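Participant: Below you'll find the structure I mean.
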Amino acid sequence: MLDNDTISRILYVDLTKRRIWTEERADLFDEYIGGSGVGIRLLQEECPEGADPLGPENPIILTVGPLTGLFPLASKTTAFFKSPHTGNLGESHSGGRSATSIRLAGYGAMVIRGVSETPVYISIHDNEAFIRDASALWGMHSSFTVGRIIRDYEPGAGIRTIMRIGIAGEKKISYACVSMESYRHFGRLGLGAVFGSKKLKAIVISGRHSIPVANKKEYLKVYDNIFQAAMEKPTKKYRELGTSENILPLNELGGLPTRNLRQAKFESAHRISGEKFAEDYLGRRVACSHCPVGCIHLAALRQPYRDEPYFYKTSMIPYDYEPIYALGPMLGISEIPDLLKLLEIIEAYGMDCMSTGVILAWATEAMEKRLISTKETMGIKLLWGDYKCYIDAVENIIEQPNDFYKALTKGVDYSAKIYGGDDFALAFGGNEMPGYHTGPAAHAGFLAGARHSHLDNAGYSIDQKTIINESISSQELAKMLLKEEQWRQILSSLVVCFFARGIYTPEIVLDALRMTGFDLSIDELNLVGRKILTEKNKFKFREGFNPEELRIPKRILETISPTGYLEEEYIKDTVKAFMDAVMLEPESAIPKIV
Amino acid sequence: MKRLSILDNEKCVGCQSCMFACARRTGQGGLAESRIGIRSEGGIEHGFVVVVCRACEQPQCCKVCPTDALVPKKGGGVSFHPDRCIGCELCVKACPIGAVFWDDEIKKPMICIACGYCVKYCPCSVIALEEIPERAVVEVENA
């Protein structure tokens, strides 16, 4: 790390004491680089054992990396907290302008402690930071509106991020998200509820500092290499159709969870495909700051008002593979406008659309199986494909008029414990399922991954590239998952977007890091990755994680995957092998893994 | 005479690669030295605007400069003489486009010099370096 780089400066905000200060923490950044690495270490420092995720002792930690603001696609902010959704490690990544704004305001990380008595938002512009009154914003349902107001009220247009919560965060729904720049999110694991518990409605950060480099000439060269690569083939699909390009191939393969995974093929996939979205609804493509790929796709939905002729509104709604999966096939919704109307309200209220879709899918099946009735749903008949009933249900999740909807605010695991149906409650480690029923690697990956996310170790990719062609031992699979998850710790510590994983090869990473004063060998880099993964799992075990208690929903064994029917024992063995290996001492583990 | 032209701001995805490129000319990262700005047009749903010097024939920034630190360049655009600048920031206020950027470290204006470095990094062909016809130097009236 270079001496005059502000990456190691951490901004602390104590909402209880209303104090703001900075601390120099070169020790942390030298050893753990930034992003996830520094994030997990700060979480260990800040979050006491057994902390209430919605109590004042649960911190919010936001970190960026040394490459942010220097190289393209190093544009993610990683958030660390104890998850109110799983009661364990909370880690979520988001882009927009969040990372460049934090970095160019002169910070490598932010730590928010305590809880405010009254609603507030935090305002940071370069070296000035304030805790501002948000009483006028509190109670506002739509996260879009909160953004719009702060946008007009605060400086920094073009070089700022506005992170905010909707009503779901205020109401501490355990899968509430934090939105920024309208269309990006800390989506998973409930950071929005943690904001809400602190009476923190928003954070606005702007800055336009410079960042030093070790060697100017070399910097321009390394930059151009990365930029060129970013404009070439590996990112083409993200640029053109976006992640929703995956709908058709996954459906073709038979790995697209449909109607609560009673099927893995959706008969109407062609009606909600990325191609169909682009043809009929793509209204604009946008990018995160310092990312020439621009994968963000916004649908333009024109809707008439029913009570007034010739009155229309046009909404811009972001879509991606996962929201389409969770609110389309998973709920049997086959019309794009229906799907968008449901997505729009979930976006506005600030809920994680993946968790919401999976919870509604479980509730629909639970109603079919008569585990619940219209008594619980207060008259709403949940029917596959009927977006209106789902919008009504979302309204009730927000309003929580009875115990059933109160249960739904805590996720599918919790709801199934009360109402039954855990065989088809599709959560892994407490986190609702992503859109991949590709084979055993995907599911073992959700279970073993530090965040119980498909992005932890991309098991779905191993299914499609390897297991679909040849069977491998559970030991071998565990090794592959671990290797990928370990490498992803490096990427997320540099806060490089996972879509750029094909660009940021180990050699490129080392070159780029050298420009920021990190002189590492590939072995040293791998060791850092391994250490971070171990630290994350240490935190999880400290907080009561027990891999033997991981629930495998029977449903994933009943519905055929592209690799055939899944065997529970094989998945269990894989998770066990993964967990045994991950807790080995990093130094001894490294030569065996790489 | 060259100037930076905006071909179609509706194609801008807001990646800000041009802003980072402009700053990078000086061999550093970040945005402190950037002379081009991309911001949303009142919310990202409405797209983006590109803020950069359009090399006016009668630059308003020059008209208000009390020390002739900013003077119209032959053929269009402006030249900056840092030795004459007193850091009054009037030029920033005078430009209705917002294309006079401010170097906070040395308290001096920064204006696009039409070098075209940013153009190479625009992934969507929003900006281009364009040849404009030679124009007579305009006598600037002191306001």
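Participant: Answer with yes or no whether A:ILE397 is at pLDDT 95 or above, touching a Ser or Thr at 6+ places or on another chain (Cβ under 9 Å) and within 20 Å of A:GLY430 (Cα to Cα).
Facilitator: Yes; evaluated as a whole, the condition is true for this residue.
Participant: Exactly one of (1) closer than 30 Å to A:ASP413 by Cβ; (2) touching a residue at least 24 places away in the same chain (Cβ under 8 Å) is unmet by A:PRO66. Its number?
Facilitator: Only one criterion in (1) closer than 30 Å to A:ASP413 by Cβ; (2) touching a residue at least 24 places away in the same chain (Cβ under 8 Å) is unmet by A:PRO66, namely (1).
Participant: Could you count how many residues in the range A:286-314 are out of contact with any Lys or Arg (no Cβ under 8 Å at 6 or more places or on another chain) and either within 11 Å of chain B (Cβ to nearest Cβ) or part of a strand (DSSP E or B) (or both)?
Facilitator: Summing the residues that are out of contact with any Lys or Arg (no Cβ under 8 Å at 6 or more places or on another chain) and either within 11 Å of chain B (Cβ to nearest Cβ) or part of a strand (DSSP E or B) (or both) in the range A:286-314 gives 7.
Participant: Can you name every residue in the range A:164-186 that is under 30 Å from B:VAL50 (Cβ atoms) and more than 14 Å from every other protein chain (Cβ to nearest Cβ)?
Facilitator: Answer for the range A:164-186, where residues must be under 30 Å from B:VAL50 (Cβ atoms) and more than 14 Å from every other protein chain (Cβ to nearest Cβ): A:VAL178, A:PHE186.
Participant: Here is a further query. Filter the range B:97-115 down to residues that are of a type in the set (Val, Ile, Thr) and closer than 16 Å to B:THR26 by Cβ, then give me how many there are.
Facilitator: Selection size over the range B:97-115: 3.
Participant: Another question, if that's okay. Would you point out which residue out of A:ARG488, A:ARG451 is crowded, with 20+ Cβ neighbours inside 10 Å, in a loop (DSSP other than H, G, I, E, B) and among the charged types (D, E, K, R)?
Facilitator: When all the criteria are applied, what remains is A:ARG451.
Participant: Right, another one. Take the residues in the range B:1-18 that are touching a helix residue (DSSP H, G or I) at 6+ places or on another chain (Cβ under 8 Å) and either more than 7 Å from chain A (Cβ to nearest Cβ) or in a strand (DSSP E or B) (or both); name whichever of them is modelled with the highest pLDDT.
Facilitator: Among those that are touching a helix residue (DSSP H, G or I) at 6+ places or on another chain (Cβ under 8 Å) and either more than 7 Å from chain A (Cβ to nearest Cβ) or in a strand (DSSP E or B) (or both), it is B:CYS18.
Participant: Mind listing whichever residues of the range A:104-129 are within 20 Å of the chain's Cα centre (by Cα) and either of a type in the set (Asp, Glu) or farther than 18 Å from A:ILE20 by Cα (or both)?
Facilitator: Answer for the range A:104-129, where residues must be within 20 Å of the chain's Cα centre (by Cα) and either of a type in the set (Asp, Glu) or farther than 18 Å from A:ILE20 by Cα (or both): there is none.
Participant: Here are some conditions: (1) on the phi > 0 side of the Ramachandran plot; (2) surrounded by fewer than 24 Cβ atoms within 10 Å (Cβ to Cβ). A:LYS465 meets all but one. Which one does it not meet?
Facilitator: (1)
Participant: Out of the residues in the range A:71-103 that are away from chain B (no Cβ under 14 Å) and among the aromatic types (Phe, Trp, Tyr), which is farthest from the chain's Cα centre (by Cα)?
Facilitator: A:PHE81
Participant: Given the conditions (1) assigned to a loop (DSSP other than H, G, I, E, B); (2) more than 13 Å from A:VAL64 (Cα to Cα); (3) touching a strand residue (DSSP E or B) at 6+ places or on another chain (Cβ under 6 Å), which single one is not true for A:ARG132?
Facilitator: Checking A:ARG132 against (1) assigned to a loop (DSSP other than H, G, I, E, B); (2) more than 13 Å from A:VAL64 (Cα to Cα); (3) touching a strand residue (DSSP E or B) at 6+ places or on another chain (Cβ under 6 Å), the one that fails is (1).
Participant: Is it true that some residue in the range A:393-400 is assigned by TED's automatic domain parsing to the domain that holds A:MET330, touching a residue at least 24 places away in the same chain (Cβ under 8 Å) and assigned to a loop (DSSP other than H, G, I, E, B)?
Facilitator: yes
Participant: Can you pull out every residue in the range A:9-39 that is touching a Pro at 6+ places or on another chain (Cβ under 9 Å), at negative phi and either part of a helix (DSSP H, G or I) or not polar (S, T, N, Q) (or both)?
Facilitator: Matches in the range A:9-39: A:LEU15, A:PHE29.
Participant: On to the next question. When the range A:123-145 is examined, which residues are found to be closer than 15 Å to A:ILE205 by Cβ, modelled with pLDDT of 95 or more and within 14 Å of another protein chain (Cβ to nearest Cβ)?
Facilitator: Matches in the range A:123-145: A:HIS125, A:GLU128.
Participant: Go through the range A:221-283 and tell me which helices (runs of 4 or more DSSP H), entirely inside it, have 1 or more residues that are within 21 Å of A:SER75 (Cβ to Cβ).
Facilitator: Passing ranges, in order: A:236-239.
Participant: Next question, about the same structure. Pull out all pairs, ordered by first then second residue, where Cβ-Cβ is under 6 Å, the residues are six or more apart or on different chains, the first lies in the range A:202-216 and is surrounded by 24 or more Cβ atoms within 10 Å (Cβ to Cβ) and aromatic (Phe, Trp, Tyr), and the second is modelled with pLDDT under 95 and part of a strand (DSSP E or B).
Facilitator: Short answer, once both residue conditions are applied: none.
Participant: Can I ask one more? All but one of (1) touching a Gly at 6+ places or on another chain (Cβ under 7 Å); (2) facing another protein chain (nearest Cβ under 7 Å); (3) hydrophobic (A, V, I, L, M, F, W, C) hold for B:LEU31; which doesn't?
Facilitator: (1)
Participant: Which of the numbered conditions does A:PRO318 fail, given that it passes all the others? Conditions: (1) away from chain B (no Cβ under 14 Å); (2) crowded, with 21+ Cβ neighbours inside 10 Å.
Facilitator: (1)
Participant: Of the residues that sit in the range A:455-485 and are of a type in the set (A, V, I, L, M) and assigned to a loop (DSSP other than H, G, I, E, B), which one is nearest to A:HIS290 (Cα to Cα)?
Facilitator: A:ALA458
Participant: I'm trying to understand the selection: among the residues of the range B:34-44, which are within 7 Å of chain A (Cβ to nearest Cβ), more than 26 Å from A:VAL213 (Cα to Cα) and in contact with a helix residue (DSSP H, G or I) (Cβ under 9 Å, 6 or more places away or on another chain)?
Facilitator: Residue satisfying the conditions is B:GLY43 alone.
Participant: Of the residues A:THR356, A:THR364, A:THR374, which single one is over 25 Å from A:GLU275 (Cα atoms), hydroxyl-bearing (Ser, Thr, Tyr) and in contact (Cβ under 8 Å) with a residue 24 or more places away in the chain?
Facilitator: The conditions single out A:THR364.
Participant: Name every residue in the range A:137-179 that is acidic (Asp, Glu) and not in a helix (DSSP H, G or I), in order of residue number.
Facilitator: A:GLU154
Participant: Report, by residue number, each residue of the range A:104-122 that is within 14 Å of chain B (Cβ to nearest Cβ) and surrounded by 24 or more Cβ atoms within 10 Å (Cβ to Cβ).
Facilitator: A:LEU104, A:ALA105, A:TYR107, A:GLY108
Participant: Which numbered condition in (1) closer than 29 Å to A:LEU550 by Cβ; (2) surrounded by fewer than 22 Cβ atoms within 10 Å (Cβ to Cβ) is the only one that A:GLU395 fails?
Facilitator: So the condition that A:GLU395 fails would be (1).
Participant: Return the total of residues in the range A:208-252 being under 21 Å from A:ILE7 (Cβ atoms) and facing chain B (nearest Cβ under 8 Å).
Facilitator: Residues meeting the conditions: 10.
Participant: Please find, within the range B:24-44, the residue that is nearest to A:PHE227 (Cα to Cα) out of those that are under 15 Å from the mean Cα position of the chain (by Cα) and without any contact (Cβ under 8 Å) to a residue 40 or more places away in the chain.
Facilitator: The extreme case among them is B:LEU31.
The values are calculated or read from the model by the stated rules, or taken from the named source; none is laboratory data. Just so it is clear, the model here is predicted, and its values are computed rather than measured. All Cβ positions, even for glycine, are placed from backbone atoms using ideal geometry, and neighbour counts span all protein chains on display.
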